[in-house]
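Structure, as structure tokens:
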Amino acid sequence: MTEIIKILFVCLGNICRSPAAEGAFKKLVQEKELEDLFYIDSAGTANYHIGELAHEVTRKVALDRGIELKHTCRQVNYADFEKFDFLIAMDSSNQKGLFSIARTEKDRNKIIKFRKFDETVKGEPDVPDPYYGGLSSFEHVQDIVETCSIGLLNWIIENNNLNQE
Ligand code: 4NP
């Protein structure tokens, strides 16, 4: 039996990008009927919004794509490195924050930038922070997290010999 793969999406506030990524990735694995193989969560490097639902525009944009975001904000902590297989950073600053919490080489190897899995761009740019932007900024983030979710799932399938019949 394949072990459950545990993925934590991480941004700064855990109210815009990482809950959007969590929702998009959950929807994708449901569509592929792979939900039993995954445990998926999100968290923020900051503590500004602990206990809050995702930003109302993040929730609206996700809902327009058929995704209901129910996550409540929490802060990432060292126990997440013990629990999760991959900690997926939305931007370089989140990545640095995660590196500052990691203790071992094994921990550090779990940190991956999300846009590594975006085949439409070169390198690993940031998922841009939409917090001070308008609706189009949030829609752009939604587009990116949906694209990166496809790349991430394909990468996991290729690297874990998941059966895709
Ligand atoms: P997120 O966006 O990191 O994508 O959740 C932000 C949310 C809140 C703040 C900044 C970015 N803030 O400064 O409160």
Per-region count, region 11-49, residues loosely packed, with under 14 Cβ neighbours inside 10 Å and within 12 Å of the ligand (Cβ to nearest atom): 2
Residue selected from region 91-114 under the condition of a type in the set (Gly, Ala, Ser) and open to solvent by less than 40 Å² (accessible area, probe 1.4 Å), by the criterion nearest to the ligand (Cβ to nearest atom): 97
Pick from region 12-69, criterion hydroxyl-bearing (Ser, Thr, Tyr) and assigned to a loop (DSSP other than H, G, I, E, B), ranking: nearest to the chain's Cα centre (by Cα): 45
Test: residue 117 is touching a Ser or Thr at 6+ places or on another chain (Cβ under 9 Å), surrounded by 15 or more Cβ atoms within 10 Å (Cβ to Cβ), closer than 22 Å to residue 47 by Cβ and of a type in the set (A, V, I, L, M, F, W, C): no
Filter result for residue 150 (among the β-branched types (Val, Ile, Thr), part of a loop (DSSP other than H, G, I, E, B) and touching a residue at least 40 places away in the same chain (Cβ under 8 Å)): no
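The values are calculated or read from the model by the stated rules, or taken from the named source; none is laboratory data. No experiment lies behind these values; they were computed from the predicted model shown. Quick reminder, even Gly has a Cβ in these numbers, built from the backbone with ideal geometry, and neighbours come from all protein chains shown. We work out accessible area using only protein heavy atoms, side chains counted, and drop any ligands, DNA or RNA first. Shrake-Rupley method; radii C 1.70, N 1.55, O 1.52, S 1.80 Å.
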